[in-house]
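Every read-out reported here was derived from the displayed coordinates using simple, explicitly stated rules and does not represent laboratory data. Values in this document were obtained by computation on a predicted structure and should not be read as measured data. In this analysis, Cβ positions are derived from the backbone assuming ideal geometry, glycine residues included, and neighbour counts consider all displayed protein chains.
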Ligand SMILES: [Zn+2]
């Protein structure tokens with residue numbers, strides 16, 4: 001059961017066409033289907049473990065404010081990702097460090113990265 005399916009209160013077994021739709025529109029949520037024990041702390045740490053090709057990796061909190069549709073959200077990304085897709089409209093935004101001194105420093109809200117219309121913390 002995916003985080004999104006849970007949020008939508010969809011009970012398994014759900015129709016295969018719904019599974020396909022979830023995967024197309026929310027691939028990131030499907031990666032979270034299996035949870036890592038450290039993930040109960042991600043709100044404080046800004047670090048969330050996600051599985052990529054069967055391997056747990058640390059992903060880091062990014063805050064974005066989409067310039068196209070104004071959607072604001074958090075996302076958890078690998079440090080090498082250079083772009084982030086808006087969860088609402090799908091536009092791509094350039095990923096920047098959240099502070100002027102760079103990764104792995106966090107801003108006062110615990111963000112490692114920012115994208116879209118955001119202010120970077122000057123240190
Ligand atoms: Zn958007």
#### Entry: the stretch 46-123, relative contact order in percent, only Cα pairs under 8 angstrom and at least six apart counted
28
### Simple label model, 7 Å out from Cα along Cβ direction - residue 78 to residue 117, nm
3.1
### Query
Cα gyration tensor of the stretch 46-123, axes a ≥ b ≥ c as square roots of the eigenvalues: rounded (a/c below 1.5), prolate (a/b > b/c) or oblate?
oblate
